[in-house]
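What follows is a set of notes on a single structure, which appears directly below.
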Amino acid sequence: MAASSSITTSSTTSKLLFTSSSTSTAARLLPFTTTSSFKCRAFHFHRHRFNPLLHVHVGPFKNPRIVFTHSTNRPPSSFVSAALATEASAKVIDGKKVAKEIRDEVAAEVSKMKEAIGVVPGLAVILVGDRKDSATYVRNKKKACEDVGIKSFDARLPEDSTEEEVIKHISGFNNDPAVHGILVQLPLPSHINEQNVLNAVCIEKDVDGFHPLNIGRLAMRGREPLFVPCTPKGCIELLHRYGVVIKGKRAVVIGRSNIVGMPAALLLQREDATVSVVHSRTKNPEEFTREADIIISAVGQANMVKGSWIKPGAVIIDVGINPVEDSKSPRGYRLVGDVCYDEAIKIASAITPVPGGVGPMTIAMLLSNTLTSAKRIHNFK
Ligand SMILES: Nc1nc(=O)c2c([nH]1)NC[C@@H]1CN(c3ccc(C(=O)N[C@@H](CCC(=O)O)C(=O)O)cc3)C=[N+]21
């Protein structure tokens, strides 16, 4: 059967080398929410249309088990043959495909709104400096907006801009009725105080969900954030759409960044998981990770999580996007996750690939948050 239930301990006491700043990998984060009422408002359209045929059950099984929950009790035949043919292989969670579905749903809602009340949602992106990776992300976001009919606004400021100049642009967008979402591309140049800048975004337009008031509400029971950070929201959305049960499960989040790890842990807890957060000062992180039914890794260390860290049948969401040298690739590098994919796929019951996993979901969630914002501001249901 798939996972050998004996887990080797060996070679994997590697040190955790987390980067605590929000650079590189941390680089992919945006918000979504989990409490049922928020979720309903933001995403009711997907939840209705998506009818997962199978539930990947995680939990106390020795071996991964996939249980079909289709009403006829018959699994879709293509899936069944795939499952039989590749016993030792986890289901690949296709973030690219799900992100496309979400973008299509957003596009349909955007055109409905335009037709009904003549309002087009608008997203403003502020980019300070000329980091190549940031410029790429901003370009991709702009393109994604255009594809779904969201109007995009750009402010590109020079590397040596002052904090005041950045905040002046934010105020302009705060006061612009055509703008419903404001995203400040992170990381900012080091001379600029990130806190002051993020605090300046009005919370009604904080589609990244990074404003302390939105994070504070996310952390409190019975409160609802206006927006949930996009990357963690994308992780939870993938679990939902693949029918992964979260309630009552043990979840481990690896990494505690403000943009991914911390909000991901809060979201899992709101979904009734029992959550541990493993970080750079955790002793024996693999011991915690090995207990987890669900692992979300957001560290930025290529292949850090080995097969021996993984409980057979666990579901793995890999947020890391790490470049590693590869002379065979035209770019000279390729992207890998935090999790050693080749090992994990033999042990987990489901896993997100890198690329094509969480990354595309981040952008889809940003578009969805922007639509939600425009609807809320214009009281459009
Ligand atoms: N305020 C703010 N919000 C952000 O959401 C934010 C940010 N700052 N700073 C930078 C990071 C980075 N980020 C990514 C989004 C999508 C992919 C993505 O789609 N990646 C593709 C790979 C693309 C490739 O091949 O290069 C994938 O994983 O399949 C990656 C990274 C959002 N970020």
*So, in the range 160-173, of the ones that are touching a strand residue (DSSP E or B) at 6+ places or on another chain (Cβ under 7 Å) and touching a residue at least 24 places away in the same chain (Cβ under 8 Å), which residue ends up farthest from the ligand (Cβ to nearest atom)?*
Ser161
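From the set of residues in the range 227-250 that are aliphatic (A, V, I, L, M) and assigned to a loop (DSSP other than H, G, I, E, B), which is nearest to Ala350 (Cα to Cα)? Outline the logic, then answer.
Filtering the range 227-250 down to residues aliphatic (A, V, I, L, M) leaves 228, 236, 238-239, 244-246.
Filter again for assigned to a loop (DSSP other than H, G, I, E, B), leaving 228, 244-246.
Values: Val228: 24, Val244: 9, Val245: 12, Ile246: 14 Å.
Checked the range 227-250; the qualifying residue nearest to Ala350 (Cα to Cα) is Val244.
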*Quick check, is Lys375 touching a residue at least 60 places away in the same chain (Cβ under 8 Å), more than 18 Å from Asp94 (Cα to Cα) and among the basic types (Lys, Arg)?*
yes
*Counting just the residues of the range 248-300 that are open to solvent by less than 50 Å² (accessible area, probe 1.4 Å) and among the polar types (S, T, N, Q), which one comes out nearest to Gly320 (Cα to Cα)?*
Ser297
*At least 2 residues that are modelled with pLDDT under 95 and open to solvent by 10 Å² or more (accessible area, probe 1.4 Å) in each: list the helices (runs of 4 or more DSSP H) lying fully within the range 68-156 that qualify.*
77-85, 132-148
_The lone exception for Leu198 - which of (1) open to solvent by 20 Å² or more (accessible area, probe 1.4 Å); (2) hydrophobic (A, V, I, L, M, F, W, C); (3) closer than 19 Å to Val260 by Cβ; (4) in a loop (DSSP other than H, G, I, E, B) it fails_ = (4)
_Tell me the residue from Leu188, Leu213 that is modelled with pLDDT of 95 or more, outside any strand (DSSP E or B) and within 14 Å of the ligand (Cβ to nearest atom), please._
Leu188
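So which strands (runs of 3 or more DSSP E) are wholly in the range 254-349 and hold at least 2 residues that are in contact with a Pro (Cβ under 6 Å, 6 or more places away or on another chain) and within 15 Å of the ligand (Cβ to nearest atom)?
On the way: elements: 274-278, 294-297, 315-318, 322-325, 333-336.
Where strands (runs of 3 or more DSSP E) fall fully within the range 254-349 and carry at least 2 residues being in contact with a Pro (Cβ under 6 Å, 6 or more places away or on another chain) and within 15 Å of the ligand (Cβ to nearest atom), they are 333-336.
Can Asn258 be described as modelled with pLDDT of 95 or more, under 30 Å from Lys132 (Cβ atoms) and of a type in the set (S, T, N, Q)?
For Asn258, the condition - modelled with pLDDT of 95 or more, under 30 Å from Lys132 (Cβ atoms) and of a type in the set (S, T, N, Q) - is met.
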*Can you tell me which residues in the range 350-381 are open to solvent by 30 Å² or more (accessible area, probe 1.4 Å) and more than 16 Å from the ligand (Cβ to nearest atom)?*
Arg376, Ile377, His378, Asn379, Phe380, Lys381
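The values are calculated or read from the model by the stated rules, or taken from the named source; none is laboratory data. Predicted, not measured: the structure shown is a model, and the values here were computed from it. Using ideal geometry, Cβ is built from the backbone for each residue, glycine included, and neighbour counts are taken over all protein chains shown. The area values use the complete protein model at the heavy-atom level, side chains included, leaving out ligands, DNA and RNA. Shrake-Rupley method; radii C 1.70, N 1.55, O 1.52, S 1.80 Å.
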